[in-house]
């Protein structure tokens, strides 16, 4: 049998609590711009740039 105490009521958070959670989630999913790009991604970006230059030269 389900617990009847929680039926029909939802927990609520204060505005400050929601703001704090939002800031922490933002920090996790959108780190500051000054974080270094991993070496593997940098190598891929450089390879893409070389390919773009080669394709422009052949046009």
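General observations
- Helix 15-29 axis versus longest C-alpha principal axis of the chain: approximately 30°, rounded to the nearest ten.
- Each peptide in 28-35, 15-22 was scored by the mean count of other Cβ atoms within 10 Å over its residues; highest first, the order is 15-22, 28-35.
- Stokes-Einstein D for the chain, Kirkwood Rh over Cα pairs, 4 °C, 1.567 mPa s (µm²/s): 77
- Residues listed by number, the range 29-44, amide nitrogen under 15 Å from residue 55 label point at 7 Å toward C-beta: none
We did not get these values from a lab; they are worked out from the coordinates using the rules stated. Small disclaimer: the values here were computed from a predicted structure and weren't measured. Please note: Cβ atoms are built from the backbone with ideal geometry, for glycine as well, and neighbour counts cover all protein chains shown.
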